[in-house]
Amino acid sequence: MITTRPIILSVISFLFLCGCSDSAPQTDSTDGEKLYGLYCETCHKSDGSGKFLKGIPANRYTSLQKDQVIMLIRQGDPSRPDMPTFTNLTEEQASAIADYLFSLKIY
């Protein structure tokens, strides 16, 4: 007698795991605001204020230079292990995000 329970559990597990991904949708856009919304806003909020209680920094206060922000976005930084990397973004896209981020900056 074949039971369907293991099959059903396998299918449910597979479907559940298919949704596990930390990557945002692929896009060819070079609009910094749009890219920030897709890749950064979930953690850093739309105004760049971060989530203090969750330890997510307010990126609008960053002291990093533009090239450092681009590198952080695309390659990450071992000292910031919770920050995901977005290797799928081009240099131009990461630069656009950095430009948008600096437009949010409060001096």
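Bear in mind these aren't lab numbers, they're just calculated from the coordinates by the rules spelled out. All values derive from a computational prediction rather than experimental measurement. Cβ: placed from backbone, ideal geometry, glycine included. Neighbour counts: every protein chain shown.
Below are the figures for this structure:
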item	result
Residues that are in a loop (DSSP other than H, G, I, E, B) and more than 14 Å from the chain's Cα centre (by Cα), drawn from region 59-76	Thr62, Ser63, Leu64, Gln65
Residues being buried (at least 18 other Cβ atoms within 10 Å of the Cβ), farther than 17 Å from Ser49 by Cβ and not hydrophobic (A, V, I, L, M, F, W, C) - total across region 75-107	2
Residues within region 43-74 that are among the polar types (S, T, N, Q) and exposed (fewer than 13 other Cβ atoms within 10 Å of the Cβ), tallied	3
